[in-house]
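Just so it is clear, none of the values below were taken in a lab; they were calculated from the coordinates. Computed from a predicted structure; not experimentally measured. Counting neighbours? That spans all protein chains shown, and the Cβs are built from the backbone with ideal geometry, glycine included.
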Amino acid sequence: MGFRNIFVNLPVKDLQSSMKFFTELGFQFNPQFTNEMAACMVISEHIYAMLLTEEHFKTFTTKEIADSAKTTEAIVALSAESREKVDEVVNKALEAGGKPSKEPQDYGFMYSRSFQDPDGHLWEVLYMEESAIHQENSESAV
C-alpha cells in the first residue's frame, strides 16, 4: 500500500508531565514537531507517538475524547528484543509514575507486560521468540 510511517495520536492532560514520564523510559522527542501543544515521541525510525494536549487533540475530531482513566480506547503494543528488555521498560514506567495494567503474560514463546501512562493510556511491551514468528507465518501460508 505504500505506507511509510505510523503516528499514534494520544490526548494528554499535561504535556510536560507526559514528556517527562516518557523521557524517563528512554524515549526521545523530535524537536521539529514539538511545541507547547504537541510532542513527537520517537519510538523507532518509522513509529511515532504524537502526544497532544486535549485542547489540541479536539481539533482533529468531532467525537468526544475518551476518558482513558475509565475506558480503553486503544492498547499501544511495542515489541522488544528480549524478555529482559520487556521487564526493563515496564519497570522504568512503574518507577516513573505509571500504573500496572494487568499481570505479566508468559506463554513460553511470548512474554508481555503492560502499564498505564499518567493519562491512563494502555501500553503493552512484548517479546516473541523469532522461531515462533516464523512458525506462525509458515502455518498461516498453508
## Note on the structure
For residue 68, the net charge from surrounding residues (Cβ-Cβ under 15 Å; K, R +1; D, E -1) works out to -3
### Query
Of the cross-linked pairs 13/92; 58/85; 63/99; 58/102; 20/92, which ones have a Cα-Cα span greater than 23 Å in the structure shown?
58/85; 63/99; 58/102
## Note on the structure
For the range 1-95 the trypsin sites (Lys or Arg not before Pro) that pass both the DSSP coil test and the at-most-10 other-Cβ-within-10 Å test are 4, 63, 70
### Summary
Over the chain, the sum of -39500 (n - 2.57) across DSSP H runs of at least four, divided by residue number and rounded to 500 deg cm²/dmol, gives at 222 nm -7500 deg cm²/dmol
### Summary
Between the Cα axis of helix 130-140 and the main Cα principal axis of the chain, the angle (0 to 90°, nearest 10) is 80 degrees
### Message
Among DSSP bridges having both ends in the range 1-97, what percentage is antiparallel? Round to the nearest 5.
### Response
55 percent
### Query
Short version: ³J(HN,Hα) in whole Hz for each residue of the range 102-110, in order, from phi by Karplus 6.51 cos²θ - 1.76 cosθ + 1.60 (θ = phi - 60°), x for Gly and Pro, what are they?
7, 5, x, 10, 10, 9, x, 7, 9
### Amide proton proximity set for residue 101, modelled H, under 5 Å, gap of 5+
114, 115, 116
#### Entry: Helix 15-24 vs. the chain, principal-axis angle (Cα, 0 to 90°, nearest 10)
30 degrees
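DSSP loop GluC sites (Glu not before Pro) in the range 5-69 with at most 12 other Cβ atoms within 10 Å of their Cβ, which ones? Each step should come with its number before you reach the end.
Details: sites: 24, 36, 45, 54, 55, 64; in loops: 36, 45, 64.
For GluC sites (Glu not before Pro) across the range 5-69 that sit outside H, G, I, E and B with at most 12 neighbouring Cβ atoms in 10 Å, the list reads 36, 45, 64.
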#### Entry: Length-normalised contact order of the chain in % [C-alpha pairs under 8 Å, at least 6 apart]
21 percent
### Task
Once you've got the GNM for the chain with C-alpha springs shorter than 10 Å, pick whichever of 100, 11, 31 has the biggest mean-square fluctuation.
31
### Task
List the residues whose amide H sits under 5 Å from the amide H of residue 9, counting only those 5 or more places along or on another chain, with H placed 1.01 Å from N in the peptide plane.
50
### Task
List, in order, the whole-Hz ³J(HN,Hα) value for each residue of the range 83-90 obtained from phi through the Karplus relation with A = 6.51, B = -1.76, C = 1.60 and θ = phi - 60°; use x for Gly and Pro.
4, 4, 5, 4, 4, 4, 5, 5
### Task
Would you mind estimating how fast the chain diffuses translationally, via Stokes-Einstein at 37 °C and 0.692 mPa s with the Kirkwood radius over Cα pairs, in µm²/s?
200 µm²/s
## Note on the structure
If each part is reduced to its alpha-carbon centroid, the range 1-24 and the range 61-81 end up apart, in Å, by 11 Å
### Message
Rounded to the nearest 20 debye, what is the charge dipole size of the chain about its Cα centre when +1 sits on each Lys and Arg Cβ and -1 on each Asp and Glu Cβ?
### Response
340 debye
